[in-house]
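Novice: Encoded as structure tokens, here's the structure I'll be asking about.
The values are calculated or read from the model by the stated rules, or taken from the named source; none is laboratory data. Quick caveat: nothing in here was measured; it's all calculated off a predicted structure. Here Cβ is always computed from backbone atoms with ideal geometry, including for glycine, and neighbour counts include all displayed protein chains.
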Amino acid sequence: MTKAIYILNGPNLNRLGTREPEIYGSKTLADIEADCRSATKHDLVFKQSNIEGEIVEHIQEAADKAAALLINPAAYTHTSIAIYDALKLLDIPIVEIHLSQPAKRESFRRRSYVSEAATGTISGFGANSYQLGLQAVINLLKMKN
């Protein structure tokens with residue numbers, strides 16, 4: 001059985017579509033999930049949590065069950081050593097994704113603990129960042145086989 005691609009989403013992403021649409025766009029997280037599911041035949045496990053410890057648990061689950069991981073850690077990008085430590089447990093491709101371009105925003109958003117554990121980062125393309133990230137991990141999986 002082929003392992004799934006995990007797509008994990010951090011705090012406040014459940015409010016996409018209404019939360020600062022000038023920064024994050026008008027698509028909801030459900031819209032983004034539907035777009036991802038229609039873009040691939042791979043099994044996807046799509047999760048969101050506002051709680052750091054739950055995200056860590058999802059990452060640990062991915063260590064055992066996932067072929068690859070896309071993660072939009074949202075604000076935890078800049079603060080969570082726990083998420084960084086959990087990501088270091090994984091021996092699969094990890095792509096960090098962001099809807100906005102953190103480098104163009106407040107200075108505190110320019111530091112990413114997640115980037116230090118990720119295979120690569122895609123940011124600044126709105127909801128398309130997910131599609132680009134998904135294509136990146138699919139390509140990485142093909143190169144691995």
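Novice: Hey, among the residues in the stretch 31-49 that are polar (S, T, N, Q) and over 14 Å from Val137 (Cβ atoms), which one's surrounded by the fewest Cβ atoms within 10 Å (Cβ to Cβ)? Step through it out loud before you land on a result.
Specialist: Of the stretch 31-49, the ones polar (S, T, N, Q) are 38, 40, 48-49.
Add one more test, that the residue is over 14 Å from Val137 (Cβ atoms), and what stays is 38, 48-49.
Numbers: Ser38: 8, Gln48: 21, Ser49: 18.
For the stretch 31-49, the residue satisfying everything is Ser38.
Novice: Answer yes or no: is there a residue in the stretch 66-85 that is part of a loop (DSSP other than H, G, I, E, B), out of contact with any strand residue (DSSP E or B) (no Cβ under 9 Å at 6 or more places or on another chain), buried (at least 16 other Cβ atoms within 10 Å of the Cβ) and modelled with pLDDT of 95 or more.
Specialist: Scanning the stretch 66-85 turns up no residue that is part of a loop (DSSP other than H, G, I, E, B), out of contact with any strand residue (DSSP E or B) (no Cβ under 9 Å at 6 or more places or on another chain), buried (at least 16 other Cβ atoms within 10 Å of the Cβ) and modelled with pLDDT of 95 or more.
Novice: So which of Ala62, Ala127, Ala74 ends up being more than 22 Å from Arg19 (Cβ to Cβ) and aliphatic (A, V, I, L, M)?
Specialist: After applying the criteria, what remains is Ala62.
Novice: Working only within the stretch 26-54, note down all residues that are in contact (Cβ under 8 Å) with a residue 24 or more places away in the chain, part of a loop (DSSP other than H, G, I, E, B) and within 20 Å of Lys3 (Cβ to Cβ).
Specialist: Hits for the stretch 26-54 are Thr40, His42, Asp43.
Novice: Could you list, in sequence order, all residues of the stretch 50-65 that are closer than 21 Å to Ala136 by Cα and either touching a Ser or Thr at 6+ places or on another chain (Cβ under 9 Å) or crowded, with 18+ Cβ neighbours inside 10 Å (or both)?
Specialist: Across the stretch 50-65, the qualifying residues are His58, Ile59, Ala62.
Novice: May I ask you to verify whether Ile92 is in a helix (DSSP H, G or I), buried (at least 18 other Cβ atoms within 10 Å of the Cβ) and either modelled with pLDDT of 95 or more or of a type in the set (S, T, N, Q) (or both)? Step through it out loud before you land on a result.
Specialist: Details: in a helix (DSSP H, G or I): no; buried (at least 18 other Cβ atoms within 10 Å of the Cβ): yes; either modelled with pLDDT of 95 or more or of a type in the set (S, T, N, Q) (or both): yes.
Answer is no for this residue.
Novice: Here is a list of conditions, (1) free of Cβ contacts under 8 Å to residues at least 12 places away in the same chain; (2) under 11 Å from Val114 (Cα atoms), and Glu57 meets all of them except one; can you say which number that is?
Specialist: (2)
Novice: Which of the residues spanning the stretch 62-78 are more than 9 Å from the chain's Cα centre (by Cα) and touching a residue at least 40 places away in the same chain (Cβ under 8 Å)?
Specialist: From the stretch 62-78, those more than 9 Å from the chain's Cα centre (by Cα) are 62-68, 75-78; that's our starting set.
Of everything in the stretch 62-78, those that are more than 9 Å from the chain's Cα centre (by Cα) and touching a residue at least 40 places away in the same chain (Cβ under 8 Å) turn out to be Ala62, Lys65, Ala66, Ala67, Ala68, Ala75, Tyr76, Thr77.
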